[in-house]
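Notes for the one structure printed next.
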Amino acid sequence: MQKDEITAALRDAGTRAAEELDIAHLAMLMALYRTPDLQLTVYEDHLRDLCFLTRARHEDLRNAGAEDDVKTQLAALKHVIVDQHGYVGDTEDYDNIANADLLAVIERRRGMPVALGVLYLHVAEECGWDIAGINFPSHFLLRLEKDGQRLIFDPFDTARPMEAAHLRALLKKNIGENAELSAHYYDAVDKRTVILRLQNNIKLRQVEAADYESALLTTELMRLIAPDEFRLLFDYGVLAFKCDMPQKAFDALQDYAGRTPDARARAEALVLMEEIKRSIH
C-alpha cells in the first residue's frame, strides 16, 4: 500500500463519525506509513484469525453451559488473545516505542495498555459485543456491557477483571495516594479518542528522543483522522518550528490561537508566534 493511499484512507476516516471507525485498521495504516515495506495483509489475516477463534471459543463455552454474559465474552477474549496467542503487557520495556505501534505489537505479542486495548476492541466488536474504552486516567481500561451488566478489565494485565478495589489501587499508584475514584472515570471514550491516545504515546516518545521530524509526521497523521482536534495545531506549530519550518509553525499557531477558547493557551501561542517572527526576521 502506497503512502498516498494511506493518506487518503486516513483523511477519509477524518470525515467519518467516531463510531464508524475501524481503529485497528487505522492504527495499522499509521504504523505502515512509518514502515512501508511490511505487508499489511499478513496482519489483517491475523486479526481475522483472532476474531474467528474468539467467536468459536465463545460458542464452545456457551455449548458447555456458560452464561450468555460479559464474563463469558471476556473468557473467550482472554483464551484467544492471551492464552493462545500470548499477548501481554510489556512490563520490562514499557516505554519502548514499539509498544504503541500496532504492527510491532502484533509481531512481538506485547505492548502498552492502549495498543493491546485496540486489539480487544476490534475483536469484541467483530463478535458483535458492546465494548468501549473508558475515561480512566493514566492507564487504558476496557468495559464490556450486556443486558445491564458491566465488566471492566485491564488489557495490559492479561485481561484481568477490575473491581472497585483494583481500580482504586491502580489510581493511587498512578496518580497519588490522595486520588479517589470519580464517576466520570467510568465513562466511555469514543474510538477517535482511543486512536489519538495511541498515537500520542508514539509522539511523546519521539519527542523524548528529540526525533522532532518523526513527531511532526505523527502529528500530521493524527490531524488527518481528527481534523477538528484543534489542540493538535499547537503541537504541530511547536514541532514545525523545531524542524526549521517557521512559516508552517506560525500558520498552525495562528490557527490554534483563533480556535482555542482557553485564554492562557492563546497567550502561550501568541508568545511563540512572536518568537517565530523574530527568528524569521
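Rule-based calculations on the coordinates, nothing more; no lab input. Owing to the predicted nature of the structure, the values given are computational and were not obtained by experimental measurement. Neighbour counts run over all protein chains shown; Cβ positions are idealised from the backbone, glycine included.
Charge tally around residue 181: other residues with Cβ under 12 Å, Lys/Arg +1 each, Asp/Glu -1 each, net 0. Solvent-free Debye calculation, one equal scatterer per alpha-carbon of the chain: log10 I(q)/I(0) at 0.07, 0.10, 0.13, 0.16 Å⁻¹ equals -0.29, -0.58, -0.94, -1.30. Taking every C-alpha pair closer than 8 Å and separated by at least 6 residues, the mean separation divided by the residue count of the chain gives a relative contact order of 16 percent. Residues whose amide H lies under 5 Å from that of residue 189, counting only those 5 or more places away or on a different chain, are 133, 134, 135; hydrogens are built 1.01 Å from N in the peptide plane.
Taking a Cβ cut-off of under 10 Å around residue 91, the surrounding Lys, Arg, Asp and Glu residues balance to a net charge of -3, with basic ones at +1 and acidic ones at -1. The simple Förster model, with R0 at 41 Å and r as the Cβ-Cβ distance, assigns residue 174 and residue 4 a FRET efficiency of 0.55. Computed with the Debye formula from one identical point scatterer per Cα of the range 230-281, without solvent, the log10 of I(q)/I(0) at q = 0.17, 0.19, 0.22, 0.30 Å⁻¹ comes to -0.40, -0.50, -0.66, -1.15. Ellipticity at 222 nm from helices only: DSSP H runs of n ≥ 4 in the chain, each -39500 (n - 2.57), divided by the residue count, give -19000 deg cm²/dmol.
Highest mobility in the GNM of the chain, judged by mean-square fluctuation with C-alpha springs under 10 Å and restricted to 102, 270, 239, is found for 270. Which entries of 71/203; 173/242; 78/173; 3/78; 3/191; 3/146 show an alpha-carbon separation above 29 angstrom in the structure shown? From the list (71/203; 173/242; 78/173; 3/78; 3/191; 3/146), the Cα-Cα distance tops 29 Å for 71/203; 173/242; 3/78; 3/146.
Computed from point charges on the beta carbon alone (+1 for Lys and Arg, -1 for Asp and Glu), the dipole magnitude for the chain about its Cα centre is near 480 Debye. Between 273, 97, 225, the Cα set farthest toward the positive side of the dipole of the chain (charges on each charged residue's Cβ, about the Cα centre) is that of 273.
For the chain, set up a GNM with springs between Cα atoms under 10 Å and report which of 154, 95, 251 has the largest fluctuation. Highest fluctuation of the listed residues: 251.
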